Amino acid sequence: MRRRSFLKTAAAVIPAAGLHEMLFSFAHAEAPAEKRALHPVPFGEDRSGSAHTTAFSTLLYKVLPSETGGNLFLIEHQHLRAGGPPLHVHLSQEEWFYVIEGRVAFQVGEQRIELKPGESVLAPRMIPHTFAGSETPARMLIGFTPAGKMEQFFRDTNGGIPEHDQAALFARYDMRYIGPSPFKNA
């Protein structure tokens, strides 16, 4: 009987205490007002002011982790040519790919697929994946959630991922290097 009284009291107090409103206001209080401001990023431009490069594309940052409390990092690959990153795993992020133009080949786990404009695929955390552009340049969006250390990874590897000691490099950014891209000689 006492347990039932306790549960009834708790059920009555929690809504009265405004728990929902308190949690909602706490969540929004973490992001300063200037970070919630509108930040349009024009076509062909980078949110941070300058483009970044890889060995196979140009990257434009569209949404920075600092704007989302670390929950999202969104980039656009422009001029995506033949080649792509090594086969790797993200320990903490889901990685979502959306092809805007051209065709891009993906391997997620053991499955291979080629996507065309308007198609997307999700590479869940802890699942090996990679992608490769083709001879015809492509363009795609990639979203990382949560953002983790991905922005810093791209800043530190601007120009391309070095061929030596890739396992240690990937580990610094909470990823695991699995091996060279299976598309490298395809």
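The values are calculated or read from the model by the stated rules, or taken from the named source; none is laboratory data. Every value quoted in this text rests on a predicted model; they were computed, and no experiment measured them. A quick note on method: Cβ atoms are made from the backbone with ideal geometry, for glycine too, and the neighbour counts reach across all protein chains shown.
Remarks
- The set of residues from the stretch 21-65 being farther than 30 Å from E163 by Cα, modelled with pLDDT of 85 or more and surrounded by 12 or more Cβ atoms within 10 Å (Cβ to Cβ) comprises just one member, V41.
- Out of G118, G148, sole residue that is part of a loop (DSSP other than H, G, I, E, B), buried (at least 20 other Cβ atoms within 10 Å of the Cβ) and at positive phi: G148
- In the stretch 68-95, the residues that are within 26 Å of E110 (Cβ to Cβ), outside any loop (DSSP other than H, G, I, E, B) and not aliphatic (A, V, I, L, M): H77, G83, H88, H90, E94, E95
- In the stretch 122-146, the residues that are more than 13 Å from the chain's Cα centre (by Cα) and of a type in the set (G, A, S): A132, G133, S134, A138
- Counting only residues that are touching a residue at least 60 places away in the same chain (Cβ under 8 Å), among the basic types (K, R) and not in a loop (DSSP other than H, G, I, E, B), the stretch 153-186 holds 2 of them.
- Being without any contact (Cβ under 8 Å) to a residue 40 or more places away in the chain, in the same structural domain as R155 (by TED's automatic domain parsing) and touching a Leu at 6+ places or on another chain (Cβ under 6 Å) is a property that V108 lacks.
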